[in-house]
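Chemist: What follows is a single structure, and I will ask about it in a moment.
Nothing in this text is a laboratory measurement; each read-out follows from the coordinates by a stated rule. A quick note: this is a predicted structure, and the numbers were derived from the prediction, not measured. Every residue, glycine as well, gets a Cβ built from its backbone with ideal geometry; the counts of neighbours run over all protein chains shown.
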């Protein structure tokens with residue numbers, strides 16, 4: 001089985017769909033570079049119908065997630081368990097408002113952030 005970073009192009013449509021909702025915060029080129037350089041991790045689902053890109057900053061940050069909601073919720077549970085075992089205290093994610101409703105049932109809470117358009 002090839003390394004997951006070698007499968008980046010395979011998941012490009014799903015990743016780009018998620019990136020469309022980030023208001024230009026990150027481009028495909030930037031994200032692909034981070035994965036190829038090992039600063040972000042590609043996490044495909046077992047079926048290949050869903051994918052998440054994870055980035056370790058201070059917390060475990062979910063860079064993007066796209067695909068089947070049921071699969072993504074199972075992946076969220078698996079990643080939560082992995083993050084706890086790795087010693088992380090919390091996880092973060094930037095996404096559209098709909099994620100607050102879905103992930104709020106799993107212990108996620110919104111935090112305030114500031115943005116300045118230039």
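Chemist: At 0.36 nm per residue, and after removing the present C-alpha to C-alpha distance, how many nm does the segment from residue 5 to residue 77 gain when stretched out fully?
Modeler: Additional length available on full extension: 23.7 nm.
Chemist: Working out 0.36 nm times the residue gap between residue 86 and residue 117, then minus their Cα-Cα distance, what length gain in nm do you get to one decimal?
Modeler: Extending this stretch completely gives an extra 7.6 nm.
Chemist: Something else about it: Using only Cα atoms, figure out Rg for the chain and give it as a multiple of 2.2 N^0.38 Å.
Modeler: Working: Rg = 13.9 Å, N = 118, 2.2 N^0.38 = 13.5 Å.
Ratio of Cα Rg to 2.2 N^0.38 Å: 1.03.
Chemist: Show me 47-55, 21-29, 35-43, 60-68 ranked by packing, highest mean number of other Cβ atoms within 10 Å first.
Modeler: 60-68, 47-55, 35-43, 21-29
Chemist: Sequence gap at least 6, Cα distance under 8 Å: using those rules, report the relative contact order of the chain to the nearest whole percent.
Modeler: On the way: 125 pairs, mean separation 23.4, N = 118.
Relative contact order, the chain: 20 percent.
Chemist: While we're looking at this one, here's another question. Which value at 222 nm does the chain reach when only helices count, each DSSP H run of 4 or more adding -39,500 (n - 2.57), with the total divided by all residues and rounded to the nearest 500 deg cm²/dmol?
Modeler: It lands at -10500 deg cm²/dmol.
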